[in-house]
Amino acid sequence: MGVHVVLFPELLRTSDVVTLHVPLSDATRNMMGTREFATMKDSAILVNTCRVPVVDEQAPHTALTTCQIAAAGLDVITQEPPTANHPLCALDNILITPHTPGPTWENGTKAFRNAFDNIQRVASGAQPMWVIPELRTPSL
């Protein structure tokens, strides 16, 4: 297929589009910061579809306003909904969407059922299922 593995710095330096699809962990927290954006092509586009802390939120603002990269798409930001004066919202080379992956009629019903099942589990003293890792407390 013409695919070859490269280290992350080379991937950033040579890619036209970088998309992030990683879980949040100590290893991935702030994996995209000022240094990483500085290595990207000035024509590159960053797309983040994973957790907010994977990208240092100030770094894409700096990269976009100084033309270090051409554009960005963020599926989620720290403050949702953002305030009207949020710095990223003032840029016209960024697309920000709410973190709602693939809403359909079918998965909407399933999501409601899962949420309701979790409420019943917790109300009966059981542990909830499907807890977002960042919201997990030591008692869960």
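The values are calculated or read from the model by the stated rules, or taken from the named source; none is laboratory data. The shown structure was predicted, so the numbers you read here are calculated from the model rather than taken from an experiment. Don't worry about glycine lacking a Cβ; one is built from the backbone with ideal geometry, like all the others, and counts go over all protein chains shown. Note: areas computed on protein heavy atoms with side chains; ligands, DNA, RNA excluded. Shrake-Rupley method; radii C 1.70, N 1.55, O 1.52, S 1.80 Å.
Remarks
- Working note: 222 nm ellipticity from helices only, DSSP H runs with n ≥ 4, each -39,500 (n - 2.57), summed and divided by the residues of the chain, gives -8500 deg cm²/dmol to the nearest 500.
- Modelled FRET efficiency - R0 41 Å, Val3 with Ala115, Cβ distances, 0.05 increments: 0.60
- Note on Val131 and Thr83: with the Förster distance fixed at 30 Å, the Cβ-Cβ geometry gives a FRET efficiency of about 0.60.
- Förster radius 35 Å - calculated FRET efficiency between Ser124 and Ser25 (Cβ-Cβ, nearest 0.05): 0.65
- Vicinal HN-Hα couplings computed from phi for region 55-70 (Karplus, 6.51 cos²θ - 1.76 cosθ + 1.60; Hz; Gly/Pro x): 10, 5, 4, 6, 4, x, 4, 4, 4, 6, 7, 9, 6, 5, 10, 7
- Per residue accessible area of the chain, 1.4 Å probe, in Å²: 67
- Degrees separating the helix 105-123 axis from the principal Cα axis of the chain, which is the longest one: 50
- Here the Gaussian network model covers the chain, with springs between Cα atoms less than 10 Å apart; of Ala90, Ala63, Ala72, Ala90 fluctuates the most.
- In Hz, Karplus ³J(HN,Hα) per residue of region 90-97 (6.51, -1.76, 1.60; θ = phi - 60°; x = Gly, Pro): 7, 8, 9, 10, 9, 10, 10, 10
- 5 angstrom amide H check on Ala44, placed H, neighbours 5+ away: Ala70
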